[in-house]
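Bear in mind that the values in this text are calculations on the coordinates, not laboratory data. Nothing here was measured: the structure is a model prediction, and the numbers come from that model. FYI the Cβ positions are ideal-geometry reconstructions off the backbone, even for glycines, and counts take in every protein chain you see.
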Amino acid sequence: MEKSINNSGSIRVGYQCPSNIALVKYWGKKEGGVQLPANPSISWSLGDLYASTIVQALPRENDQAFVFTLAGESKPSFEPKIASFLTKIASDCPWLVDFTLHIDSQNNFPHGTGIASSAAGFGALSLCLAHIEQLLLGDSSLQSEVGGMNFWQRSSYLSRIGSGSACRSMFAKPAVWGQTPAVTGSSDLFAVELDFETHPSLSNWKDVVLIVDDGEKSVSSTAGHALLTNHPYAEARFGQAQKNLEGIVLSMKNGDVKSFIEIVESEALQLHSMMMTSIPYYVLMRPNTLAIIEQIWSFREQTGLSICFTLDAGANVHFLYDGKIEETVMNFVNNTLLQYCKNGQYLCSNTGKRPVEL
Ligand code: DP6
């Protein structure tokens, strides 16, 4: 539906934005600058695990920058993050001072399941803001460039300031954030999608998120990134990520599944190794995380199937597999892996969907 500014000067827009799973991990920020990555990362969007956000921008009547509700209910614990985000983007979006934003958001997956809910949430909010910006420019076709960025880049740019990984949620193709010689046009400021079609052997993969632990994270990702400052292995890690980024892009081009799997699993283990070797140190895997990894390895050994795992900064396992073998994989999940999941919980998603306007 085409949106415009109504007679009372209010604007209403909405977006559904997917979460994403990093294949090469963003872990560590550059010193100086606002939320710039220490190394490039690449992810698949998780189209079936998303946030839906409606923003109504009403002419500002008092000093209130925003009102936030989670599925219609007020949620004070979310407010500081949103307030801080809006403050950080104030110079990029000077028009914000003229409005009070009524933001209502909800995820279609439970909070605290280790899914990057901040990625989907900040992604959806930023798409709404970038859309409002276009309407204020009188452009309902979203074709205007703002700050030298097209609509998708601008949405990605804004969301990065909210949560780094969010900036990779804007694209259907694999999204790369962070400057790298491996990807033309790549930037630290926003993500770009790969400019070629992924080889068919890697173009239709899916993700089952096996919930090992659904409690609060023992280390927030913001605190986690900070552990890389003065980390003895930081420089080596950033170099590895650059190399893995180049390798994974090549594997997606050539359909080299073996090399893809090796890079994805190695990246997950490197991420956790960095946390085990920082001060303070953390072990974020749980016994069932390891049990699942071992089961996946032994199943792959027996069957030769295109399957692998990755991890975020937590105990849950993202089990990635070629969509062609879905039935076999889901039988394996239900017969073998379910016993390791907290209360038998898991979430399923396709990869490779872009956000949808509501
Ligand atoms: C382990 O994007 O959540 O998921 O930028 O501080 O909000 P902030 O961190 P966040 O970090 C995500 C880290 C990761 C890896 C990744 O998604 O690349």
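Only DSSP H runs of four or more residues enter the estimate; each adds -39500 (n - 2.57), and after division by the residues of the chain the mean residue ellipticity at 222 nm equals -10000 deg cm²/dmol. Net charge of the neighbourhood of A166, taken over other residues with C-beta under 12 Å away and scored Lys/Arg +1, Asp/Glu -1, is +3. Please say if the range 200-350 is rounded, prolate or oblate, where rounded means a/c under 1.5 for a ≥ b ≥ c the square roots of the C-alpha gyration tensor eigenvalues, and otherwise the choice is prolate for a/b larger than b/c and oblate otherwise? The shape class here is oblate. Shape class for the range 23-72: oblate, because the ratio a/c of the largest to smallest gyration tensor axis (alpha-carbon atoms, square roots of eigenvalues) is 1.5 or more and b/c is at least a/b.
The dipole here belongs to the range 95-228: it is taken about the Cα centre, uses +1 on the Cβ of Lys and Arg and -1 on the Cβ of Asp and Glu, and is about 180 debye.
Taking one quarter of the surface of the C-alpha convex hull of the range 11-198 gives a mean projected area of 10.9 nm². If a/c stays under 1.5 just call it rounded; otherwise compare a/b with b/c (prolate if a/b is bigger, oblate if not). Do that for the range 89-185, with a ≥ b ≥ c from the square roots of the Cα gyration tensor eigenvalues. Since a/c reaches 1.5 but b/c is at least a/b, the shape of the range 89-185 is classed as oblate. Applied to the range 63-69, the Karplus parametrisation 6.51 cos²θ - 1.76 cosθ + 1.60 on θ = phi - 60° returns per-residue 3J(HN,Hα) values of 8, 7, 6, 7, 10, 10, 10 Hz, with x for Gly and Pro.
Taking amide H atoms as placed 1.01 Å from N in the peptide plane, the amide H of L23 lies under 5 Å from those of I42, S43, W44, each 5 or more residues away in sequence or on another chain. Tell me the net charge near Q345. Cut-off is 11 Å between Cβ atoms, Q345 excluded, with +1 for each Lys or Arg and -1 for each Asp or Glu. Neighbour charge sum, excluding Q345 itself: -1.
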